[in-house]
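One structure below.
The values are calculated or read from the model by the stated rules, or taken from the named source; none is laboratory data. Source: prediction; values computed, not measured. We place every Cβ from the backbone using ideal geometry, glycine too, and count neighbours over all the protein chains shown. Note: areas computed on protein heavy atoms with side chains; ligands, DNA, RNA excluded. Shrake-Rupley method; radii C 1.70, N 1.55, O 1.52, S 1.80 Å.
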Amino acid sequence: MEKTVTELLENIVTLAEQVKDFQCADFITSVYLAEQMTSVNELSHHVTKMERLCGDEHAIYHYDLTLLKAYPNPFSFKMPGP
């Protein structure tokens, strides 16, 4: 999905340049496209790391803990009691 959004933003930039709307092209490039590239890069790193774990449950558990520390969950979940 991130790659699709990036492609659509690139299409907007191309169209803006064709109609000589350079302010729009600069705005999309500097604000939205830069953030998209960062997101795509981050997600690809996560995919690569998950592929390297090869289903090792212990390694996946530790990677999950690392993600939890890097991206704390703003919601609090309560386990149902007996």
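Annotations
- Filter result for the condition that a residue is surrounded by 13 or more Cβ atoms within 10 Å (Cβ to Cβ) and at pLDDT below 85, over GLU2, GLU10: GLU2
- Of the residues making up region 26-42, just one is hydrophobic (A, V, I, L, M, F, W, C), open to solvent by 90 Å² or more (accessible area, probe 1.4 Å) and modelled with pLDDT of 90 or more, namely PHE27.
- Pick from region 43-67, criterion exposed (fewer than 11 other Cβ atoms within 10 Å of the Cβ) and of a type in the set (D, E, K, R), ranking: farthest from LYS3 (Cα to Cα): GLU57
- Filtering region 40-52 to residues that are hydrophobic (A, V, I, L, M, F, W, C), touching a helix residue (DSSP H, G or I) at 6+ places or on another chain (Cβ under 9 Å) and closer than 17 Å to LEU68 by Cα leaves LEU43, MET50.
- On the stretch given as region 2-20, residues that are outside any helix (DSSP H, G or I) and not β-branched (Val, Ile, Thr) total 1.
- Among residues that are open to solvent by less than 70 Å² (accessible area, probe 1.4 Å) and either in a helix (DSSP H, G or I) or at pLDDT below 85 (or both), GLN23 is not included.
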